Amino acid sequence: LDVLQRLALLDDVGDAAAPGDNASADGDAESGSGSVGVGDDDHCGGGELIDADEVFEYIRHLNDPEHPLTLEQLKVVEARLVTVDAARALVDVRFTPTIPHCSMATLIGLCIRVKLQRALPPRYKVDVRVTHGSHANEHDVNRQLNDKERVAAALENAQLLGVVAKCIAHTDP
């Protein structure tokens with residue numbers, strides 16, 4: 001099976017998840033970039049405060065899996081669609097696939113999630129979602145991207161992990 005077929009299978013397997021596991025994945029609050037309630041303990045690496053601009057720096061140079069361009073160059077990720085609520089240790093990233101039937105949407109979201117999980121302190125919860133109305137299967141993509149078991153299963157696949165690694169290679173700010 002190719003990478004996309006495996007992701008689709010993961011979606012089918014994940015349909016058995018308990019109701020309410022990912023209630024936040026259905027909402028869509030595009031509140032703009034910023035940081036709310038940043039405390040003294042919200043430092044990452046070199047002592048900088050974690051804010052939306054820093055999070056955007058981590059994802060803006062991610063490589064698109066199909067094109068020789070970055071997600072920022074394709075306008076898939078934008079600074080205004082990244083929010084940080086430091087008081088709740090929550091990072092919310094919206095991304096906009098290039099077309100409504102983009103077959104790479106789940107893979108792109110997985111790349112964003114993996115990059116942020118590796119870059120941010122572990123106490124932060126990362127929500128990655130497609131921008132409301134930008135994908136034909138928005139609900140399914142969002143549900144898959146924010147389900148821990150589905151993400152873990154996807155990352156156990158060596159081929160898929162290789163594609164993700166290629167997308168996030170050489171993207172540190």
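The values are calculated or read from the model by the stated rules, or taken from the named source; none is laboratory data. Keep in mind that this is a model prediction, so the values were computed, not measured. Positions of Cβ are generated from backbone atoms using ideal geometry, with glycine treated the same way; all protein chains shown enter the neighbour counts. Quick note on the areas: whole protein, heavy atoms, side chains included, nothing else; ligands and nucleic acids left out. Shrake-Rupley method; radii C 1.70, N 1.55, O 1.52, S 1.80 Å.
Need the full-extension length gain, residue 73 to residue 156, defined as separation in residues times 0.36 nm minus the C-alpha distance. One decimal, nm.
Taking 0.36 nm per residue and subtracting the Cα distance, the gain is 26.9 nm.
Whose amide H sits under 5 Å from the amide H of residue 96, counting only residues 5 or more places off or on another chain, with H placed in the peptide plane?
Placed amide hydrogens put 77, 131 under 5 Å from residue 96.
So if R0 is 35 Å, what FRET efficiency would residue 149 and residue 98 give, r being the distance between their Cβ atoms, rounded to the nearest 0.05?
0.80
Across segment 64-173, how large is the tail of the calculated P(r) beyond 18 Å, expressed as a percent of all Cα pairs?
When every Cα pair of segment 64-173 is considered, 47 percent fall beyond 18 Å.
I'd like to check one number: the per residue accessible area of segment 82-168, probe 1.4 Å, reported in Å² as a whole number.
For segment 82-168, the per-residue accessible area is 41 Å².
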